[in-house]
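Report on the structure given below.
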Amino acid sequence: MTEALMFSIVIFVLAIFLGVELISKVPPLLHTPLMSGSNAISGITLVGSLIAAGEGHGGLSVYLGTIAVIFATINVVGGFLVTDRMLGMFKKDKKTESKTGTP
Amino acid sequence: MNVPATFAYLVASVFFILGLKFLGSPRTARRGNLFGAIGMLLAIIVTLTDQKIIDTTYIIVGLVIGSAAGIIIARTVQMTAMPQMVALLNGLGGGASTLVAYAEYIRMPESPIDVLISIVLSVLIGAVTFTGSLIAWAKLQGVMRGAPILYPYQKQLNGLAVGVMLLLGILFALDPGQWYLLLLVLLLALALGVMTVIPIGGADMPVVISLLNSYSGLAGATTGFVLSNNVLIISGALVGASGLILTSIMCKAMNRSLANVLFAGVGSEIGPANAETVQRTVIRYTPEDAATMLESAQSVIIIPGYGLAVAQAQHVLHELANFLIQRGTQVRYAIHPVAGRMPGHMNVLLAEANVPYDLLLEMDQINDDFQNTDVALVIGANDVVNPAARSKKDSPLYGMPILNVDQARSAIVLKRSLNPGFAGEDNELFYEKKTMMVFGDAKATLTNLVQLVKQ
């Protein structure tokens, strides 16, 4: 096993634990935006897609890469935009003096 | 190692981590999403300046088509359709991972064995995510029947498929010249995605979407191993963990194990499991009765179920709640974790109808308050308020956490018909003396109630 691979595995495991810590604190209220937002982040595969599509050797790998760029871009752009649209709808009750009874 | 690029990817990763952290509170969530987008933009720019990129023609074509489609989808999608949108995006992310890994093999067939193993895993996980998500999308969108499609030896077949794929993958990694081995893994993985999702019923989709969310993250992380790119590994791992947590939360809220959701085919039988139960009658009340009851109440808790969203009655409900609040009634909403078709879905649907989020309370926050509440108003919900989950040991619902509607002083249930819920279990609550059943379309009934309360 190469040193670089070992290092990558270390990062992977630590990032999973970090993810668990971060996500456990998100209230159910925000689970849908969390999901679409994290979904957009998983579109990071776009980075790999760009390299595959841009290598300039032509042929199958570039075509596959281009399709990957389209897929991943929809994932990223659609994901972040729809999350923003959703989060824009969440508003706090302004009439704090009203008798809504929230503690 | 390209030091500036590595450093920039690290900064992008930090943005993703902060973004997820800020998504944890409604006040900062929008900023969190923006942080995620900034991290992504940074990663893209750094990649485009990479020396490996020679020709940007195809990149630009891909980015333009993808952005246009992404913008259109994000702008036009209905909030009720969010689950299928997320399923679709999951699938595209998984598909991209598969394509990148496959392209990498075509480009460099003689890679070291650890890269080849990563390629196999990336192709496999990505392809399962891709077809699995497309099936989930088709079921939620109504393109396909939502009911489970069962086939014999389901577990065994899927297990066999996984075993064969791993075997083929190992053979491939040992001898990457055998290109057809990777192609077979790809085809089997595409088939496995279909086979694992078709037996799952529509109402179990929150679990499936969460799980596919996790897969799409893992697919991204394995692609990171293929390209030795840490930003992919980190963000993939974060998303993988996020999906897993949501999956486990959903399973707990339905009191089912993941295996039960994936393999049991719940919801395949039409009609209740215990059809021999004695026919009992409920008293039908009119909207006028319900209005009188609501007007005299000091405190009301509203329990919205998916039936509310199906009837598109969120806005009318909000109107009714506002009239009650103006009269001085305390009004709050109790949200069960599985209300809706994905985690947190009901909150988004109510937020869209301008319900302030501080009135939306989680089950644990509000369950003890039902006993001091005059009226619990249940709209289009059934299983999540069924007391059988607490008492009836042989019920499929037994053990599932429910909202304590039966402890409220009285209950009003708006429902289309007396049909049992998804679990096929008769609901004792509907026959209780303190329960007022009002049948009909939720939107029509609520509109009627608004008129009556207004007077």
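Quick note: the coordinates plus some simple rules give every number you see, no bench work behind them. Since the model is a prediction, treat every value here as computed from it, not as a measurement. Quick reminder, even Gly has a Cβ in these numbers, built from the backbone with ideal geometry, and neighbours come from all protein chains shown.
Peptide B:315-328 is shielded by partner chain Cβ atoms: per residue, an average of 1 of them sit within 10 Å of its Cβ.
In plain terms, the C-alpha convex hull of the protein assembly as shown casts an average shadow of 25.5 nm² when viewed from every direction.
Between B:TYR398 and B:GLU362, the FRET efficiency estimated from the beta carbon spacing at R0 = 22 angstrom works out to 0.50. Ordering B:LYS454, B:LYS252 by the number of other Cβ atoms within 10 Å of each residue's own Cβ, fewest first, gives B:LYS454, B:LYS252. Note on B:LYS252: aspartates and glutamates with a C-alpha under 13 Å away, same-chain residues under 8 apart excluded, are B:ASP204. So what's the angle, to the nearest 10 degrees on a 0 to 90 scale, between helix B:82-107 and the longest Cα principal axis of chain B? Roughly 10 degrees between the two axes. Compared with the dominant Cα axis of chain B, that is its longest principal axis, helix B:29-48 is turned about 10°.
What 222 nm value per residue comes from the helices of chain B, counting each DSSP H run with n ≥ 4 as -39,500 (n - 2.57) and dividing by all residues, nearest 500 deg cm²/dmol?
Result for chain B, helices only: -19500 deg cm²/dmol.
Taking Cα atoms only, the orientation of helix B:154-174 departs from the longest principal axis of chain B by about 20 degrees. Dimensions of the stretch B:13-57 from C-alpha coordinates, computed as largest minus smallest value along each principal axis and given longest first, are 43, 18, 8 Å.
Note on the stretch B:409-455: Cα-only Rg and Dmax are 12.4, 40 Å. Charge dipole of the stretch B:338-455 (Cα centre as origin; +1 on each Lys and Arg Cβ, -1 on each Asp and Glu Cβ, all else neutral): 400 debye, rounded to the nearest 20. Shown here for the stretch B:286-367: trypsin sites (Lys or Arg not before Pro) in loop regions (DSSP other than H, G, I, E, B) with at most 15 other Cβ atoms within 10 Å, namely B:ARG327.
Model label points for B:GLN407 and B:TYR153, set 7 angstrom from Cα along the Cα-to-Cβ axis, are 5.0 nm apart.
Among B:66-75, A:44-53, the peptide with the highest mean count of other Cβ atoms within 10 Å heads the list, and the full ranking is A:44-53, B:66-75. Each 5 Å bin, from zero up to the one with the longest distance, holds this percent of the alpha carbon pairs of the stretch B:307-455: 2, 9, 18, 23, 24, 15, 6, 2, 0, 0. Remark on B:VAL378: its backbone amide H falls under 5 Å from those of B:ILE303, B:ILE412, B:VAL413, B:LEU414, a criterion applied only to residues 5 or more positions apart or on other chains, H modelled at 1.01 Å from N.
In terms of distances greater than 22 angstrom between alpha carbons, the cross-link table entries B:LYS21/B:LYS139; A:LYS91/B:LYS415; B:LYS415/B:LYS443; A:LYS25/B:LYS393; B:LYS392/B:LYS434; B:LYS155/B:LYS392 yield B:LYS21/B:LYS139; A:LYS91/B:LYS415; A:LYS25/B:LYS393; B:LYS155/B:LYS392. What would the Debye formula give as log10 I(q)/I(0) at q = 0.13, 0.14 Å⁻¹ for the alpha-carbon point model of chain B, no solvent? Scattering profile of chain B, log10 relative to I(0): -1.18, -1.30. Excluding same-chain neighbours fewer than eight residues apart, the aspartates and glutamates reachable from A:LYS92 by a Cα-Cα span under 18 Å are A:ASP84, B:GLU319, B:GLU352, B:ASP358, B:GLU362. Counted by neighbouring Cβ atoms within 10 Å, the residues B:SER299, B:SER216, B:SER248 run from fewest to most as B:SER248, B:SER299, B:SER216.
By count of other Cβ within 10 Å, fewest leading, how are B:GLU432, B:GLU110, B:GLU352 ordered?
The order, fewest Cβ neighbours first, is B:GLU110, B:GLU432, B:GLU352.
With R₀ fixed at 56 Å, the C-beta to C-beta distance from B:THR28 to B:GLU110 puts the FRET efficiency at about 0.70.
Only the Cβ atoms of Lys and Arg (+1) and of Asp and Glu (-1) were treated as charged; on that basis the dipole of the protein assembly as shown about its Cα centre amounts to roughly 1000 debye.
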